[in-house]
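**Q** First, the structure itself, so that you have it in front of you.
The values are calculated or read from the model by the stated rules, or taken from the named source; none is laboratory data. Keep in mind that what you see is a predicted model, and the values were worked out from it rather than measured. Using ideal geometry, Cβ is built from the backbone for each residue, glycine included, and neighbour counts are taken over all protein chains shown. Accessible surface is based on the protein model in full, side chains and every heavy atom, while ligands, DNA and RNA are left aside. Shrake-Rupley method; radii C 1.70, N 1.55, O 1.52, S 1.80 Å.
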Amino acid sequence: MARQHLETSRLLGVDFIPVRPVAAAPAARQGAAADPQAPPPPPTVEDMRSASGPLQGQLEFAGSAEAAPPELAATKKGPALEALRARHDKECPHCTTVTDHTQTVFGEGDPDARLMFIGEAPGEEEDRTGRPFVGRAGKKLDEMIKSIGLEREQVYIANILKSRPLGNRTPLQPEVDGCSPFLAEQIRIIRPKVIVALGGPAAKFLLRTSEGITRLRGQWSVYGDGALPIAVLPTFHPAYLLRNYTLDTRKKMWTDMQAVQAALGLD
């Protein structure tokens, strides 16, 4: 029965199959050689706070020397995000000056989510509906989310830019500078345990690096101001996966999602 289910899924083009993380064998816990195929472990709190070596690249927030503000109660996060949405649509120096979009796409999902996905900008379908990741790439993202045992409603999805760039081009730096402070506030309100950076622009912004997604992909790093570090795992954008639908690319994406599944303790 299991074989038949997997074969049917393969024929239907499903790439991501939910699985339970396999517990480490006793020998591995005692220092045996690590499985080279196993997903990399997330950084520990100590790793994130020290942010040295491969974890360098923390984002400097204004007033970052101060302690992080206390976390909002789960019931207050939704209203806080709605208030931020209203302020963004009224004050964002980018979205209030451009005219190439139909509406802003602020983000959606569980305000108290442990997992947050961040992309670069809305596309044509997102601009039409006002929702992030709802086109072909959105359907692929839904598959990725389900592959680790979650539903779309249990995570939070947002973009750096809240309005569609002309011709769906890559966001320009002035556009990122205008919109990104509102994304930073979204992250502070939600306080996810893990952020998945979808594609190069999102990874470069979150990690303050010029490295490309090919080098960053699959490597845990950190976003935060020292007082509130959040583990970040860059991976390919779902649209890239659709354009490069190879076994190697799909395998790498699946490995990344397994790492996220393990970091969140999902089974």
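**Q** Pull up the range 229-248, narrow it to residues that are in a helix (DSSP H, G or I) and open to solvent by less than 10 Å² (accessible area, probe 1.4 Å), then point me to the one that is farthest from Ala263 (Cα to Cα).
**A** Selected residue: Leu241.
**Q** Continuing with the same structure: Give Val260, Val194, Val176 a once-over and let me know the one that is aliphatic (A, V, I, L, M) and open to solvent by 10 Å² or more (accessible area, probe 1.4 Å).
**A** None of the other options fit; the residue is Val176.
Condition check ((1) of a type in the set (Val, Ile, Thr); (2) in contact with a Phe, Trp or Tyr (Cβ under 7 Å, 6 or more places away or on another chain); (3) farther than 23 Å from Lys139 by Cα; (4) without any contact (Cβ under 8 Å) to a residue 60 or more places away in the chain) across all residues:
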{"residue": "Lys193", "(1), (2), (3), (4)": "no, no, yes, no"}
{"residue": "Leu206", "(1), (2), (3), (4)": "no, yes, yes, no"}
{"residue": "Ser210", "(1), (2), (3), (4)": "no, no, yes, yes"}
{"residue": "Arg217", "(1), (2), (3), (4)": "no, yes, no, yes"}
{"residue": "Trp254", "(1), (2), (3), (4)": "no, yes, no, no"}
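**Q** Just a yes or no: is a residue in the range 215-228 open to solvent by 30 Å² or more (accessible area, probe 1.4 Å) and touching a Pro at 6+ places or on another chain (Cβ under 7 Å)?
**A** The answer is yes; a qualifying residue exists.
**Q** Please specify each residue of the range 128-155 satisfying the condition of being assigned to a helix (DSSP H, G or I) and open to solvent by 10 Å² or more (accessible area, probe 1.4 Å).
**A** Arg128, Thr129, Arg136, Ala137, Lys139, Lys140, Asp142, Glu143, Lys146, Arg152, Glu153, Gln154
**Q** Do we have Ile160 as in contact with a strand residue (DSSP E or B) (Cβ under 9 Å, 6 or more places away or on another chain), within 17 Å of Lys252 (Cα to Cα) and either modelled with pLDDT of 95 or more or of a type in the set (Lys, Arg) (or both) here?
**A** For Ile160, the condition - in contact with a strand residue (DSSP E or B) (Cβ under 9 Å, 6 or more places away or on another chain), within 17 Å of Lys252 (Cα to Cα) and either modelled with pLDDT of 95 or more or of a type in the set (Lys, Arg) (or both) - is not met.
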